[in-house]
Each structure stands twice: as structure tokens, then as C-alpha cells.
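The values are calculated or read from the model by the stated rules, or taken from the named source; none is laboratory data. Since the structure is predicted, the reported quantities are computational estimates derived from the model, not experimental observations. Glycine gets a Cβ as well: all are built from the backbone with ideal geometry, and neighbour counts include every protein chain shown.
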Amino acid sequence: MSQSVPVITIDGPSGVGKGTLAQFLMQKTGFHLLDSGAIYRALAFGTVKENIALDDVAALAALAKTLPVEFIDTSIVYQGEDITSQVRTEAVAGVASTIAVIPEVRAALLARQKAFASLPGLIADGRDMGTVVFPEAEIKLYLTASAEIRAERRVKQLKSQGVSANIDQITRDIEARDERDLNRKTAPLKPADDAIIVDTSSLDINTVCQKALSLVVEKALIT
């Protein structure tokens with residue numbers, strides 16, 4: 001990462017508001033956006049599409065190196081197909097979490113993620129943005145919330161889309177994913193030593209966004 005490119009990292013588990021905050025800061029700063037979770041979900045989509053076994057490390061790493069994905073505005077495009085809605089499903093998220101623990105996969109995607117850092121700056125949303133991908137970022141935010149609160153948010157989101165959801169099952173899925181992310185050997189989910197930790201359990205997203213924007217202004221990353 002070039003020292004002249006300001007980077008803001010937003011890390012944390014699923015359902016804490018990372019994506020909403022990243023979009024808000026992108027609009028306020030004019031910076032580019034890296035949704036690293038979308039990259040892993042696109043890889044998960046490709047893994048299923050290509051019928052690659054989840055234990056075939058060589059094939060997974062090879063696909064990661066040549067992943068035919070593009071990010072166009074707010075859309076995720078795989079081989080010309082808009083897969084934005086498809087990669088947001090719990091099934092794809094589960095595959096993404098499973099393959100994300102594989103060191104060879106993470107290594108294959110590291111350079112691609114770093115390449116997103118370009119002027120005027122970058123908002124990097126993920127789980128190891130501040131610890132591994134951009135450890136020299138000017139601002140490192142780590143969002144957290146209880147599994148129960150995150151499950152409630154997910155159910156509300158799914159219902160708004162007309163999709164039925166079982167909160168107990170979603171809570172179990174979230175807890176299982178957290179367990180994988182926290183205990184993986186490569187780039188485990190944890191805040192950077194110098195990260196600002198924000199518990200969003202009892203905060204509305206507007207409050208979180210305004211707190212983050214105040215930090216950006218304080219660091220003089222925007223005028």
C-alpha cells in the first residue's frame with residue numbers, strides 16, 4: 001500500500017453494520033470501496049458453480065487467483081452474470097466462511113485486495129483488513145454486537161425481502177461462523193491492536209456512521 005493513499009478499515013463479524021457504514025463513508029469521502037466479504041462470497045459462488053470440492057485446496061486456490069469477478073457500482077458480476085442477490089444467501093455465506101479459513105485461498109486473494117488501494121483513498125470492509133491486508137491504515141474500526149442481536153437484524157432483513165427465517169437457526173449459523181472465523185489459524189477474526197472498537201448492539205446505524213465520520217474529519221482525511 002502506498003503511504004500516499006489513505007485507507008480506512010472496517011472489520012468485525014457478520015451483522016454488525018460493516019457494509020452500511022462502508023457505503024456511508026464511501027459516499028461522504030469519495031473513496032473507493034473494497035468489500036472483501038463480497039470477494040469471498042463470489043469465490044464461494046464460483047466454487048459451487050464449478051463443482052469444486054471444499055477440501056480441494058489446489059483447485060480453490062487456482063480459482064481464487066483467476067476469479068472472474070467484477071464490482072460494478074453496487075453489483076457483483078461473475079462471468080458477466082449479476083450474482084449480487086445470489087451471494088447474499090446464508091448458503092453461500094456458509095461456503096465462503098468455510099473456504100476463508102484455508103491459508104492458500106487467503107494468500108491467493110491478498111494481492112488482489114491490496115490492489116484496491118488507490119487515490120483518493122479506500123474504505124476496506126472485512127474481517128482482517130486492519131490486521132493483515134492494510135495494517136498501516138490511518139483509521140481502523142472494529143464493529144461488534146451480540147449474536148442474538150445480529151440474528152434479529154438478519155431475520156428482519158430477510159422478512160423485508162419476503163423471505164421466511166428461523167431466528168434460532170440463524171443464531172446457530174452466526175455462532176458457528178464466528179467460531180470458524182475466530183479460531184482459524186490464518187488471519188483469525190480479531191481487532192487490530194490500534195483499532196477503535198464499537199459495540200453496535202444498542203446503537204442505531206446512524207449513530208455509528210456519525211461517530212465514524214467524526215473520526216475521518218478529525219484525522220483530516222477529508223476537508
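Restricted to the stretch 102-115, and to residues there that are under 14 Å from the mean Cα position of the chain (by Cα) and of a type in the set (A, V, I, L, M, F, W, C), the residue that is farthest from L60 (Cα to Cα) is L110.
Among the residues of the stretch 75-101, those that are free of Cβ contacts under 8 Å to residues at least 40 places away in the same chain and within 20 Å of the chain's Cα centre (by Cα) comprise S75, I76, V77, Y78, D82, T84, S85, T89, A91.
Run T171 past the list (1) on the phi < 0 side of the Ramachandran plot; (2) in contact (Cβ under 8 Å) with a residue 40 or more places away in the chain and report the number of the one that doesn't hold. T171 satisfies every listed condition except (2). Looking only at residues of the stretch 66-100 that are surrounded by fewer than 14 Cβ atoms within 10 Å (Cβ to Cβ) and aliphatic (A, V, I, L, M), we find that the one that is farthest from E50 (Cα to Cα) is I72.
Of the residues making up the stretch 29-84, those that are at pLDDT 90 or above and of a type in the set (F, W, Y) are F31, Y40, F45, Y78.
When the residues of the stretch 206-223 are filtered to those that are loosely packed, with under 14 Cβ neighbours inside 10 Å and of a type in the set (G, A, S), the one that is nearest to R150 (Cα to Cα) is S214. From the list L158, L203, L182, exactly one residue is among the hydrophobic types (A, V, I, L, M, F, W, C), more than 26 Å from V101 (Cβ to Cβ) and either at pLDDT below 90 or surrounded by fewer than 19 Cβ atoms within 10 Å (Cβ to Cβ) (or both). Which is it? The match here is L203. Residues that are farther than 27 Å from E175 by Cα and charged (D, E, K, R) within the stretch 1-53 comprise K28, E50, listed in sequence order. Given the criteria closer than 19 Å to F134 by Cα and in contact (Cβ under 8 Å) with a residue 24 or more places away in the chain, does Y40 qualify? For Y40, the condition - closer than 19 Å to F134 by Cα and in contact (Cβ under 8 Å) with a residue 24 or more places away in the chain - is met. Figure legend. Inter-residue proximity from the stretch 113-138: first residues over 18 Å from R41 (Cα atoms), second residues among the acidic types (D, E) and buried (at least 24 other Cβ atoms within 10 Å of the Cβ), beta-carbon distance below 6 Å, spacing 6+ or different chains. Indicated pairs: G130/D11. When we screen P103, P120 for residues that are surrounded by fewer than 20 Cβ atoms within 10 Å (Cβ to Cβ), more than 14 Å from D11 (Cβ to Cβ) and touching a Phe, Trp or Tyr at 6+ places or on another chain (Cβ under 7 Å), the only hit is P120.
Within the stretch 206-223, the set of residues being at pLDDT below 90 and not polar (S, T, N, Q) comprises K219, A220, L221, I222.
Looking at A187, A145, A165, A195, just one residue is over 21 Å from T20 (Cα atoms), buried (at least 17 other Cβ atoms within 10 Å of the Cβ) and either in contact (Cβ under 8 Å) with a residue 60 or more places away in the chain or over 16 Å from the mean Cα position of the chain (by Cα) (or both), and that residue is A187. If you go through the stretch 123-138 one residue at a time, do you hit one that is touching an Asp or Glu at 6+ places or on another chain (Cβ under 6 Å), aromatic (F, W, Y), at pLDDT 95 or above and within 23 Å of I39 (Cα to Cα)? No, because not a single residue in the stretch 123-138 is touching an Asp or Glu at 6+ places or on another chain (Cβ under 6 Å), aromatic (F, W, Y), at pLDDT 95 or above and within 23 Å of I39 (Cα to Cα).
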